[in-house]
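Right, one structure below, let's go through it.
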Amino acid sequence: MVVQLLYRAGVRSVHMHLASLATIGLCISFWVRAKTVDQEQRGNAERRALFVGLWPPTMWLIGDSLESARDRLG
């Protein structure tokens, strides 16, 4: 259902795969930044990096689903 809505909205698998790769870079930049903040704020910064680190596999799988939807929906 969600994949069909995304496909009809114009989102393609390559968009989601590129977004997945971009969020890996975002996660790494958050992680590096977490090492530069003071000790009081480091926990929040590390949690933010870990949270963003959960996004890439989800986006990659949505991209794979969009690719199979392309085959079904045309």
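The values are calculated or read from the model by the stated rules, or taken from the named source; none is laboratory data. The shown structure was predicted, so the numbers you read here are calculated from the model rather than taken from an experiment. Glycine gets a Cβ as well: all are built from the backbone with ideal geometry, and neighbour counts include every protein chain shown. The area values use the complete protein model at the heavy-atom level, side chains included, leaving out ligands, DNA and RNA. Shrake-Rupley method; radii C 1.70, N 1.55, O 1.52, S 1.80 Å.
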> Can you tell me which residues in the range 19-74 are more than 30 Å from Gln4 (Cβ to Cβ), without any contact (Cβ under 8 Å) to a residue 12 or more places away in the chain and of a type in the set (Lys, Arg)?
Replying inline: Lys35, Arg42, Arg47
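Can you tell me how many residues in the range 2-30 are within 17 Å of Arg48 (Cα to Cα) and surrounded by 13 or more Cβ atoms within 10 Å (Cβ to Cβ)?
Residues that pass the stated criteria total 8.
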>> Restricting to the range 32-61, name every residue that is of a type outside the set (D, E, K, R), open to solvent by 50 Å² or more (accessible area, probe 1.4 Å) and part of a helix (DSSP H, G or I).
In response: Val32, Gln39, Gln41, Asn44, Leu50, Phe51, Trp55, Pro57, Thr58, Trp60, Leu61
